[in-house]
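Input: a single structure, listed below in structure tokens.
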Amino acid sequence: VYYINMHQLKTGPVLECVASAKLPTPHGAFQAHVYRRADDPIEQMALVAGEVTHSSEPVLVRVHSECFTGDVLNSLRCDCRAQLDLSLRAIGEAGAGVLIYLRGQEGRGIGLVQKLRAYSLQEQGYDTVEANRCLGLPIDAREYGIAAQILEHLGIRRIRLMTNNPVKTAELTAHGLEIVERVPLCAPATAENRAYLRTKMQKLGHLISL
Ligand SMILES: [Zn+2]
């Protein structure tokens with residue numbers, strides 16, 4: 001599949017779907033699409049289940065920011081892997097939905113090196129927000145424009161967004177998506193991530209109950 005979305009030529013950098021294939025998972029069968037945007041060397045992936053294109057019903061969507069330490073290595077410092085599993089399971093159970101896996105967003109966008117430096121500072125008593133400040137880094141450098149563009153490419157505008165993050169909701173709305181419902185992702189806190197989750201709740205406004 002090699003497809004240029006002509007609409008994007010008018011509104012922003014060209015987004016292309018450069019490959020598609022089936023991806024069976026424990027949560028069901030997905031169609032995986034890889035996207036590239038003209039201004040970005042990082043390839044992005046969307047996992048699509050069921051019929052979602054131009055659906056009359058709002059589509060269940062997760063926009064998941066890459067977390068190598070959590071998603072792949074199952075680190076207990078954060079709740080990323082739990083949120084990834086919960087959202088894929090929810091889409092699988094619903095039989096329709098989209099997970100956009102945003103690569104290049106490690107550590108809320110600061111990268112792997114700085115993320116580990118921030119972890120090291122957290123071992124000295126800083127919280128996740130203070131650690132980023134101490135390193136002179138943004139608290140949250142993530143950008144969701146490409147996710148909005150992928151959804152537009154899939155013909156999706158009305159969504160039920162699985163997130164605890166009000167900033168993500170606001171940004172996707174600003175990019176033209178209609179968020180019909182916010183679906184919370186309730187991963188149980190662990191001894192290792194309780195303080196981190198509390199900071200996300202108190203300082204970043206995440207809608208988590210501990
Ligand atoms: Zn994480």
Only four residue types carry charge here, +1 at the Cβ of Lys and Arg and -1 at the Cβ of Asp and Glu. Report the dipole size of the chain about the Cα centre in Debye, rounded to the nearest 20. 260
Among Val129, Val18, Val113, the residue with the largest mean-square fluctuation in a Gaussian network model of the chain built from Cα contacts under 10 Å is Val113
Cut-off 15 Å between beta-carbons: net charge of the residues surrounding Leu73, Lys and Arg +1, Asp and Glu -1: -3
Under 21 Å, Cα to Cα: Lys pairs in the chain, sequence gap 8 or more or different chains: 5
Under a point spin-label approximation (7 Å from Cα along Cα-to-Cβ), what is the Gln31-Arg198 distance to one decimal in nm? 4.6
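Do the sum for the chain: with -39,500 (n - 2.57) for every DSSP H run of n ≥ 4, divided by all residues, what is the mean residue ellipticity at 222 nm, to the nearest 500 deg cm²/dmol?
-10000 deg cm²/dmol
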Share of carbon and sulfur in the accessible heavy-atom surface of the chain [1.4 Å probe, %]: 55
On average, how much accessible surface per residue is there in the chain, in Å², for a 1.4 Å probe, leaving out ligands, DNA and RNA? 49
Roll a 1.4 Å probe over the protein heavy atoms and report the accessible area of His175 in Å², nearest 10. 90
From Cα pairs below 8 angstrom and at least 6 apart in sequence, can you work out the relative contact order of the chain, rounded to a whole percent? 19
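Could you give the Stokes-Einstein D for segment 83-210 in µm² per second, using the C-alpha Kirkwood radius, 25 °C, 0.890 mPa s?
For the chosen part, D equals 154 µm²/s.
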What accessible surface, in Å², does a 1.4 Å probe find on Ser75, ignoring ligands, DNA and RNA and rounding to the nearest 10? 30
On a 0 to 90° scale, report how tilted helix 112-123 is relative to the longest principal axis of the chain, with both axes built from alpha carbons and the result rounded to the nearest 10. 30
So how much accessible area does Asp39 have, in Å² to the nearest 10, using a 1.4 Å probe? 90
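The values are calculated or read from the model by the stated rules, or taken from the named source; none is laboratory data. Bear in mind that the values here come from a model prediction, so they are computed numbers and not experimental data. Ideal geometry is used to build each Cβ from the backbone, glycine not excepted, and the neighbour counts take in all protein chains shown. We work out accessible area using only protein heavy atoms, side chains counted, and drop any ligands, DNA or RNA first. Shrake-Rupley method; radii C 1.70, N 1.55, O 1.52, S 1.80 Å.
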